[in-house]
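Colleague: After the structure tokens below, expect a handful of questions from me.
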Amino acid sequence: MVDEANQYFAPVNMSFTICGFDYVFLGPNQTGWGPGFMNFLEDNYYHDGYINVYTTDDIPFAGSVSTTPTPGSPDMILLVAQFFTSTSTDHDRGAVLAHELGHIFSLVHTFSNMAGPVATDELVNGSNCTTAGDFICDTPADPGLSAVPNRVDSLCNYTDTIYTDANGDLFNPDTRNIMSFAPYPCYDHFSP
């Protein structure tokens with residue numbers, strides 16, 4: 001998983017190594033990712049100066065989650081155990097880890113996390129790219145690839161021909177961007 005994630009960070013000369021393992025067995029009521037659970041992990045199992053990666057049986061409404069970089073914030077990533085089963089691929093595990101590592105390094109999703117079938121106020125023409133979407137102008141406007149079922153096909157093509165931006169332009173998002181919510185097998189790269 002770490003080797004796969006390293007491939008995505010190679011263009012910026014970053015790589016990660018495993019510094020050790022701690023096995024923490026929690027009771028059935030100690031799961032999720034709310035503040036109480038994150039504080040519990042930080043207070044009892046966090047190693048300062050490292051990116052701490054935990055697996056858990058369940059994260060409500062998510063497959064993974066990470067802390068965001070703020071002063072004094074721990075660097076923590078939680079992954080759901082489903083990524084460590086025989087049906088999960090090395091690519092999927094590495095891509096999910098790379099996505100969460102992106103958050104650790106201040107990258108946000110390629111959409112604005114707004115609710116609804118169009119999850120961004122970023123315009124397709126990019127004229128408001130510094131104030132909308134992910135605030136990165138080389139990332140095309142993304143309406144939220146998981147907001148509408150089958151918006152991305154099995155070949156990672158964007159197939160939606162209905163939803164448009166405020167100007168009436170059809171979206172053409174990067175379905176292979178690791179910070180999008182495209183299907184995991186589509187993940188291929190970060191915005192340059």
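The values are calculated or read from the model by the stated rules, or taken from the named source; none is laboratory data. As the structure is a computational prediction, the values presented were derived from the model and not from experiment. Positions of Cβ are backbone-derived with ideal geometry, glycine not excepted, and every protein chain shown enters the neighbour counts. Side chains included, ligands, DNA and RNA excluded: accessible areas come from the protein's heavy atoms. Shrake-Rupley method; radii C 1.70, N 1.55, O 1.52, S 1.80 Å.
Colleague: Where the only charges are on Cβ atoms (+1 Lys, Arg; -1 Asp, Glu), what is the dipole of the chain about its Cα centre, to the nearest 20 debye?
Modeller: Numbers: 3 positive and 23 negative charges, 22 e Å.
Computed charge dipole of the chain: roughly 100 debye.
Colleague: Counting only heavy atoms of protein chains, what accessible area per residue, in Å², does the chain have with a probe of 1.4 Å? The partial results should precede the final answer.
Modeller: Working: 10650 Å² over 192 residues.
Computed with neighbouring chains in place, this is 55 Å² per residue.
Colleague: Over the chain, what percent of the accessible surface lies on carbon and sulfur atoms, probe 1.4 Å? Please list the in-between numbers first.
Modeller: On the way: 5770 of 10650 Å².
About 54 percent, which is the carbon plus sulfur part of the accessible surface.
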